[in-house]
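Below: the structure, in structure tokens.
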Amino acid sequence: MPGSSHPPVPHDMRRPSRRPAIRRRVPGWLLAVLLLVPLLVIGGCTLTRGSGEPSSAEQPPSEFVTAAGRGLVLEGQTTRLKAVNFSNQYHRDQDGAELLSSQHHSETDFERAKAIGFNSIRFAFDGDWYVDSPDVFFEWMDQNVAWARQHDLRLILDLHTPIGGFWLDRTSDAVSFDLWSDPRLQQQNADLWRDIAARYKDEPAIAAYDLLNEPVTTDATGEQWQQLARQLVAAVRSEDRNHLLVVGGIYGVNGRYGTAGIDQHFLVDDNNVVYDFHFYEPNEYTHQYASWIEGPVKDGGRYPDPNEILSTGERVLLPQSRIATTFLPTGTSGWAAYDSGIIEIEDSSAVAAVPLLTAQGGMRGTAGFDAITVTEYGPDGTEIRQIINDQLDSNATLDWHQWQSGGDPAALPEFARETAGYQDGGSLSISDAADAETIAGWSNDGHLFKVVPGNKYRIQGYMRGEDIAPSTGEAPRIGLQLDVYAESPGAAGNGFLERDKDYLAHKMAEQLQFGIDNNVPMSVMEFGLVRQAFEMEGKGGDQWVTDVLDLLDENGLSFAYWEYHGTQMGLYLSGTGLPGEPNITLQETLARGLR
């Protein structure tokens with residue numbers, strides 16, 4: 001469907017509602033051009049000629065950004081895309097016919113982005129805007145391409161929400177995964193990209209096509225995204241051999257974010273591709289207080305922070321240092337408090353610990369766990385701090401993951417996030433861990449903490465039992481415990497890194513290994529953090545941004561900061577292009593790093 005001729009959109013493909021809820025002096029000659037462009041648009045002139053094909057008279061095709069080895073080149077020289085995200089209010093209930101009156105940004109915002117030091121804009125769009133009104137959609141695109149060209153910026157066109165899919169905000173009532181099961185929707189997204197490619201194939205002001213933002217599939221392996229990615233690549237290449245493609249990895253499976261146990265990245269059959277990942281490490285810090293995150297609004301700490309640690313290798317368990325509560329009795333029992341008491345860690349090699357909820361020794365029935373706290377005391381028994389206070393309500397249980405160690409892999413225990421608990425609407429449970437050699441458990445890596453030998457620690461919580469019985473001759477061992485670990489020689493930081501630049505470098509290196517192994521370029525088309533990290537005393541948001549920019553530079557990565565306008569993460573703390581509160585600290589930090 002090239003050019004500006006578009007078939008009618010079937011009524012049943014209309015989208016559902018999606019409501020969740022430095023200016024520089026401009027030279028005179030440039031000001032004249034700036035005034036001319038809006039007049040051309042108002043008068044009906046666009047970037048395209050009568051057929052809808054873009055003109056290539058002013059900029060030859062040699063000016064396209066392309067992949068070369070592990071980097072990008074432009075006119076034979078190494079280059080990097082240094083972008084800011086224009087989210088374009090993708091999350092609002094905006095009809096495609098309204099795009100030309102959108103208040104997200106104006107031409108002035110292109111000028112501001114350039115003045116800060118960006119050379120590109122990652123330009124988000126909703127596939128349903130194209131469905132609503134293809135002609136208006138492309139008129140809006142043409143206008144923004146013109147502004148980008150006028151201010152010597154390049155656009156990275158980003159399909160942020162596809163036709164038939166929305167998973168970016170689990171709190172929204174518009175969540176949909178229909179894309180993965182409906183071939184018609186998949187074809188519509190391919191047709192959208194084919195139409196974009198046909199229109200802009202000769203337009204160097206567009207740097208790249210970002211084929212799909214943060215795919216979360218409904219299968220267990222992410223194969224659904226791999227198949228669709230191949231379809232989208234083929235659709236673009238049927239019309240356009242010039243433009244760089246951005247292919248992101250798998251961001252989630254089984255309808256949820258998270259890819260533990262599977263490879264996030266994969267290759268597509270094309271040589272002009274940059275493979276992308278988003279970098280919000282550590283997520284509990286960068287997204288603290290974020291309203292769209294599933295779970296409670298909570299404090300995510302500061303940066304850097306020597307008390308927050310990351311495990312980087314195989315953990316070396318110190319079983320003699322384990323701290324545990326008494327065991328849950330057999331039979332049926334209601335919620336009751338369990339307490340390890342205050343126990344000293346005597347082993348001088350101990351460096352870290354984590355709470356676990358476990359059932360072992362052969363169990364039938366169901367054991368419930370709730371309201372876990374961990375407290376640290378000095379050698380004299382004086383309380384130092386409460387390290388963990390996890391009430392395990394219906395939101396907090398999402399941060400815990402289940403596991404099984406030993407025993408018959410075919411005899412699987414049952415794990416559940418319950419909708420009722422001790423004094424709230426959530427808890428965790430383990431049922432029928434019948435194999436005596438099996439250890440079944442729940443853990444939360446976010447609760448890993450540093451320990452000090454000689455200090456004392458205590459784990460407390462609540463448990464209940466329903467028809468608990470041994471599956472062998474001995475009573476099962478069901479309880480709360482703190483597993484204690486030593487250093488892991490050979491691993492980064494000897495197994496544990498504090499929350500600092502080395503931590504960030506380690507997490508980034510995990511992603512970059514794919515590019516090294518396959519000799520392909522990689523990028524970070526989103527990184528950023530909440531306004532509280534700049535506004536609250538001691539949070540260290542400016543240092544986090546500085547360190548990430550340094551790492552992006554050290555690794556030669558293209559990137560895009562999230563986001564330009566946004567009430568919680570924006571350079572301007574508003575959702576529109578109207579005058580809004582600037583995040584001065586963030587803008588100054590970015591300006592220094594982009595020099």
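The values are calculated or read from the model by the stated rules, or taken from the named source; none is laboratory data. Quick caveat: nothing in here was measured; it's all calculated off a predicted structure. When we count neighbours, we look across all protein chains shown, and the Cβ atoms used for this are built from the backbone with ideal geometry, even at glycine.
Structure summary
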| quantity | calculated |
| --- | --- |
| Selection within the range 69-88 - closer than 13 Å to Leu552 by Cβ and charged (D, E, K, R) | Arg80, Lys82 |
| Residues within the range 363-373 that are within 15 Å of Asp432 (Cβ to Cβ) and surrounded by fewer than 22 Cβ atoms within 10 Å (Cβ to Cβ), tallied | 2 |
| Residues satisfying the stated conditions in the range 110-169, i.e. of a type in the set (Phe, Trp, Tyr) and closer than 21 Å to Gly528 by Cβ | Phe110, Phe118, Phe123, Phe125, Phe166, Trp167 |
| Among the residues listed as Ala396, Ala436, the single one being at pLDDT below 95, crowded, with 17+ Cβ neighbours inside 10 Å, in contact with a strand residue (DSSP E or B) (Cβ under 6 Å, 6 or more places away or on another chain) and of a type in the set (A, V, I, L, M) | Ala396 |
| Only one of Val520, Val530, Val452 that is in a loop (DSSP other than H, G, I, E, B), outside the structural domain of Glu214 (by TED's automatic domain parsing) and among the β-branched types (Val, Ile, Thr) | Val452 |
| Strands (runs of 3 or more DSSP E) contained entirely in the range 57-159, each with at least 1 residues that are out of contact with any His (no Cβ under 7 Å at 6 or more places or on another chain) and of a type in the set (Gly, Ala, Ser) | 66-68, 71-74, 82-86, 120-126 |
| Residue identified as surrounded by 13 or more Cβ atoms within 10 Å (Cβ to Cβ), modelled with pLDDT of 95 or more, closer than 18 Å to Ile478 by Cβ and under 35 Å from the mean Cα position of the chain (by Cα) among Pro329, Pro355 | Pro355 |
| Of residues in the range 566-594 being aliphatic (A, V, I, L, M) and buried (at least 16 other Cβ atoms within 10 Å of the Cβ), the one farthest from Gln532 (Cα to Cα) | Leu590 |
| Subset of the range 89-107 (residues that are under 28 Å from Leu552 (Cα atoms) and among the polar types (S, T, N, Q)) | Gln89 |
| Residue pairs meeting the criteria (Cβ under 9 Å; at least 6 apart or on separate chains; first over 25 Å from Ser291 (Cβ atoms), in the range 169-189; second surrounded by 14 or more Cβ atoms within 10 Å (Cβ to Cβ) and hydroxyl-bearing (Ser, Thr, Tyr)) | Trp180/Thr217; Trp180/Thr218; Ser181/Thr218; Gln188/Tyr130 |
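Here's the yes/no breakdown for (1) at pLDDT 95 or above; (2) buried (at least 22 other Cβ atoms within 10 Å of the Cβ); (3) in contact with a Gly (Cβ under 9 Å, 6 or more places away or on another chain):
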| site | (1), (2), (3) |
| --- | --- |
| Asp502 | yes, no, yes |
| Pro521 | yes, yes, yes |
| Met525 | yes, yes, yes |
| Trp544 | yes, yes, no |
| Val548 | yes, yes, yes |
| Gly556 | yes, no, yes |
| Tyr564 | yes, yes, yes |
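Listed here are the residues, each with its yes/no results for (1) hydrophobic (A, V, I, L, M, F, W, C); (2) in the same structural domain as Ser172 (by TED's automatic domain parsing).
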position: His265; (1), (2): no, yes
position: Asn283; (1), (2): no, yes
position: Ala290; (1), (2): yes, yes
position: Ile293; (1), (2): yes, yes
position: Leu310; (1), (2): yes, no
position: Val316; (1), (2): yes, no
